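Here the structure comes first, spelled out in structure tokens, and everything after it is commentary.
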Amino acid sequence: MPSVLGMLEAREKKAREEVARLREEAERVQTALAAAENTLTRLADARENGGPCPS
């Protein structure tokens, strides 16, 4: 029968792994969001200035 301490350590390890995974995912999302915001800003500027549509 596993000890209470052993079970808690196993759950803590899983929680730490989940936190690490979610931090990596958040970093990827933040990078994608920054790129999308940059594109939106460029398109809005082009519309306001009557310039060519940036790619």
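Data table
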quantity	calculated
Surface per residue (accessible, 1.4 Å probe) for the chain, Å²	93
Backbone HN-Hα couplings from phi across segment 4-16 [Karplus 6.51/-1.76/1.60, Hz, Gly and Pro as x]	4, 4, x, 5, 5, 5, 5, 5, 5, 4, 5, 5, 4
Å³ per residue enclosed by the Cα convex hull of the chain	62
Solvent-accessible area, 1.4 Å probe, carbon plus sulfur percent, for the chain	60
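The values are calculated or read from the model by the stated rules, or taken from the named source; none is laboratory data. Quick caveat, the model's predicted, so the values are computed rather than measured. With ligands, DNA and RNA removed, areas are computed over all heavy atoms of the protein, side chains included. Shrake-Rupley method; radii C 1.70, N 1.55, O 1.52, S 1.80 Å.
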